[in-house]
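Report on one structure; see the data block that follows.
The values are calculated or read from the model by the stated rules, or taken from the named source; none is laboratory data. As the structure is a prediction and not an experimental result, all values here were calculated from the model. Cβ atoms come from the backbone with ideal geometry, glycine included; neighbour counts cover every protein chain shown. Side chains are part of the model used for accessible areas, which takes the heavy atoms of the whole protein and leaves out ligands, DNA and RNA. Shrake-Rupley method; radii C 1.70, N 1.55, O 1.52, S 1.80 Å.
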Amino acid sequence: MKKEDLRRVLALIRKRGALTIRDIDDDVLVEKDHAWASRKPSKRALQLAFYGGVVTVSQRTGMLKTYESMRRHFGWKGPREPHLKERS
């Protein structure tokens, strides 16, 4: 996977909002590595962003996942720092 694929899908999510792999129609298809692989490089980029905690799956219809930015979906910037009393 190329870094520009990741940047492109994250820019699409920021611009358009939540999207599925079917919403990305300008990918140059590649050969599959195995039977379960996707031919779209954007699929790998979305999965990497998901496992990296940048996006979340906001909806699922069958096997089709809708990806959304964590901040927009959950409406928060991250966990708060614990108070001194809570640390130990």
Checked against (1) in contact with a His (Cβ under 9 Å, 6 or more places away or on another chain); (2) more than 15 Å from residue 9 (Cα to Cα), residue 33 satisfies every condition except (1)
Considering residues that are without any contact (Cβ under 8 Å) to a residue 40 or more places away in the chain, open to solvent by less than 100 Å² (accessible area, probe 1.4 Å) and over 22 Å from residue 63 (Cβ atoms), the number found within the stretch 5-14 is 2
If we keep only residues of the stretch 32-57 that are modelled with pLDDT under 80 and open to solvent by 30 Å² or more (accessible area, probe 1.4 Å), then the residue nearest to residue 75 (Cα to Cα) is 38
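Here is a yes/no grid of residues against (1) part of a loop (DSSP other than H, G, I, E, B); (2) of a type in the set (Asp, Glu):
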| residue | (1), (2) |
| --- | --- |
| 28 | yes, no |
| 31 | yes, yes |
| 36 | yes, no |
| 45 | no, no |
| 48 | no, no |
| 82 | yes, no |
Matching residues in the stretch 12-45 (touching a strand residue (DSSP E or B) at 6+ places or on another chain (Cβ under 7 Å) and among the hydrophobic types (A, V, I, L, M, F, W, C)) number 4
Residues of the stretch 15-31 being open to solvent by less than 100 Å² (accessible area, probe 1.4 Å) and more than 18 Å from residue 67 (Cβ to Cβ), in sequence order, are 29, 30
